[in-house]
1. Residue farthest toward the positive end of the dipole of the chain, with Cβ of Lys/Arg at +1 and Asp/Glu at -1: which of Pro61, Gly158, Gly251?
2. I need the peptides 24-35, 235-246, 95-106 ranked by packing, meaning the mean over residues of other C-beta atoms within 10 angstrom, with the highest value on top.
3. For the stretch 243-343, what is the per residue volume of the convex hull drawn over the alpha-carbon atoms, in cubic angstrom?
4. With an 8 Å cut-off on Cα pairs and a minimum separation of 6 or more residues, tell me the relative contact order of the stretch 197-348 in percent.
5. Give, rounded to the nearest 20 debye, the magnitude of the charge dipole that the stretch 42-339 has about its Cα centre when Lys and Arg contribute +1 at Cβ and Asp and Glu contribute -1 at Cβ.
6. Restricting to the chain, what percent of DSSP beta bridges are antiparallel, rounded to 5?
7. Highest GNM mean-square fluctuation, the chain, Cα pairs closer than 10 Å: which of Ala171, Ala249, Ala84?
8. Before anything else, pin down the relative contact order of the stretch 42-339: Cα pairs under 8 Å, at least 6 apart, normalised by residue count, whole percent.
Amino acid sequence: MKKRIATCLMLAVMNTACPAAPEINQTKLPDEVRAGQIRDMKWGMFICWSFSTFYGQEWTPTRDKDAAFFKATGCDTDQWCQTARDAGMGYILFLTKHHDGFCLWDTKTTEKKVTNSPLGIDVLAKLRKSCDKFGIKLAFYFSEGDWNWPGAVDGKGGSSGGGSNPELKKAQLKELLTGYGPVEFWWMDHAVGTGGLSHQETIDWMHKFQPNTFVGFNHGEPAGRLCLREMGKPGKLGDKNASHYNKDAEGSFKGYQLAEFTYPILPGHKGGAMWFYSLPIHDNLCHPADKLFKDYQGALQYGNIFSIDVGPNYQGKLRDIDVKTLKQVGEMIRAGAAAQPGIPPATK
């Protein structure tokens, strides 16, 4: 603390501001209060940017690739956050690590990280600063398993596809929970297994560092306070028809406090990825603003949050069509609010 104060005083003398790190509330709030805070964020931008951006497919086998495979030539986090704010979004949900194990932060747990790539910067740290600058909250996606871990089958899914390394999983989560400010919620991907740490054990560990962060799993053992609906839709909490992969859990698990649904802004197409930047030939493909606005209204109606997925391109920027479309949705949201002062626009 003394060192930080001295550093700030020195910077003040140099007429340079010393930014305050966002505070993490270590006092657990009642579930209904915390659920209300997250619900108030309404909708956000799910950003998937990793090896798969440059592989041209959804999943990227990883054993023969090092950090240099991530060939980004830029990283415009201010553009991401400016677009989110223009769209009326409350948060950014950022992919920290996919199944290939490439980490988008300066981790100490592996050399397969963005600071070792040609880009050479801690993308997550840069995004945190941009989020604070534009008044956007931050949430994290994290793949539970990792194709670099013992017992993993490179490029394969399933309950054991991502191997087992519970202590490394815990170390990565601790870094993310202690080094980048408050995390509103976690989107935990179970597609390649748990990584050797059960869902409840994972939550118990995470809450040691941030008791108010909500944790959700897209399928597998039901746990946590957040119900995830990957490729889902708006719907009342507990409506299993609103889920795609998580139907059984949504219909029976009693611990959920609210639901999130997500899908890519890219409509179905041949070849390339959907959740990540696809290929230049798909640069003009995008769901229309009317569809996104309708699902935004559905999220408000049912008390959900809605994460629309976008993929930054090779230069680290959002596609022009994504920026244009999301700005249009923001204009619709503001027009609806103006038409009914004090009442959020809702589905008829």
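Please treat every number below as a calculation from the coordinates, not as lab data. Note that the structure is predicted; figures quoted are calculated from it, not measured. Quick reminder, even Gly has a Cβ in these numbers, built from the backbone with ideal geometry, and neighbours come from all protein chains shown.
1. Gly251
2. The peptides rank, most packed first, as 95-106, 235-246, 24-35.
3. Convex hull volume per residue, Cα atoms: 127 Å³.
4. 18 percent
5. 460 debye
6. That works out to approximately 5 percent antiparallel.
7. Checking each option, the largest mean-square fluctuation is seen for Ala171.
8. Once normalised by length, the contact order is 21 percent.
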